[in-house]
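Structure, as structure tokens:
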Amino acid sequence: MSNFQEILTTRRTAYSFEKKPISDSILQQALYAASQAPCHKHTNPWKFYIIGESTRKKLIPTIEKLADLKSARIGSSDLQKGRDKAIQKIIDAPLLIAITSKRNELDKFREKEDYAATVCALHNLVLSLWDNDVSSQWSTGSITRDEETYRIISIDSEQEEIIGFIKAGYSSAKSKVKKLKIEEISRFLE
Ligand SMILES: Cc1cc2nc3c(=O)[nH]c(=O)nc-3n(C[C@H](O)[C@H](O)[C@H](O)COP(=O)(O)O)c2cc1C
């Protein structure tokens, strides 16, 4: 990747990844980029849980439970197919990271600001990966919100909220997405 504007404007969500692993130096660089995100009051509200193979395997019963619920919701009778697809998405991602933001029951404004800061950190991570040709997908599927997921990853759900999983890896599949024109999203006032 050559320049920063190009990194910003060519990043696209990827939905499938090659098996090729991501080097530790690329991951460390991305985590460092995340740690440099802005945050009001220096709360550093973000945490990154890099989820390895054995923890992913512990998630399988939860993935299956949620896949069955989805099959029931969409009226699919092929439960095994739904399960296999959902398991594959989690198991096969070369890199899987759960990102959390600090909760604040007593100060909802701070919690909102912290969420904004954590999103900045998450996107720093995504852009740093992309700078190294690694694509990613932010996902907020039901697995990211299930209490069992918190227990298995050892996240205290009273203190932290999972704001998403990032699945990342090398990918040649480029998704097409329609973005609004600059004129549609901006107003210049005198
Ligand atoms: C907060 C948030 C949650 C998302 N959750 C999902 C998700 O659960 N599943 C998914 O496939 N993509 C998810 N995405 C990715 C979006 O679908 C994607 O960003 C959108 O289609 C625009 O494409 P682009 O990222 O290539 O610009 C999420 C993105 C954001 C910002």
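The values are calculated or read from the model by the stated rules, or taken from the named source; none is laboratory data. Model, not experiment: these values are computed from the prediction. Don't worry about glycine lacking a Cβ; one is built from the backbone with ideal geometry, like all the others, and counts go over all protein chains shown.
Considering ARG83, ARG110, ARG56, ARG12, the condition of being out of contact with any Leu (no Cβ under 9 Å at 6 or more places or on another chain) and free of Cβ contacts under 8 Å to residues at least 60 places away in the same chain is satisfied by ARG83 alone. Quick one: is TRP130 in a strand (DSSP E or B), of a type in the set (Phe, Trp, Tyr) and either surrounded by 14 or more Cβ atoms within 10 Å (Cβ to Cβ) or touching a helix residue (DSSP H, G or I) at 6+ places or on another chain (Cβ under 9 Å) (or both)? The answer is no for TRP130. Among residues of the range 9-26 being more than 14 Å from ALA93 (Cα to Cα) and under 17 Å from the mean Cα position of the chain (by Cα), the one that is farthest from the ligand (Cβ to nearest atom) is ILE26. Comparison of LYS112, LYS102, LYS181, LYS176 shows that the only residue that is modelled with pLDDT under 95, more than 24 Å from LYS19 (Cβ to Cβ), more than 12 Å from the chain's Cα centre (by Cα) and among the basic types (Lys, Arg) is LYS176. Please work out if ILE162 is in a loop (DSSP other than H, G, I, E, B) and either in contact with a Leu (Cβ under 6 Å, 6 or more places away or on another chain) or not acidic (Asp, Glu) (or both). No, not satisfied. Residues considered: THR55, THR43. Of these, the only one that is surrounded by fewer than 18 Cβ atoms within 10 Å (Cβ to Cβ), farther than 17 Å from TYR150 by Cβ and of a type in the set (Val, Ile, Thr) is THR43.
Residue-level check: of (1) hydrophobic (A, V, I, L, M, F, W, C); (2) in contact (Cβ under 8 Å) with a residue 12 or more places away in the chain; (3) more than 15 Å from the ligand (Cβ to nearest atom), ILE99 misses just (3).
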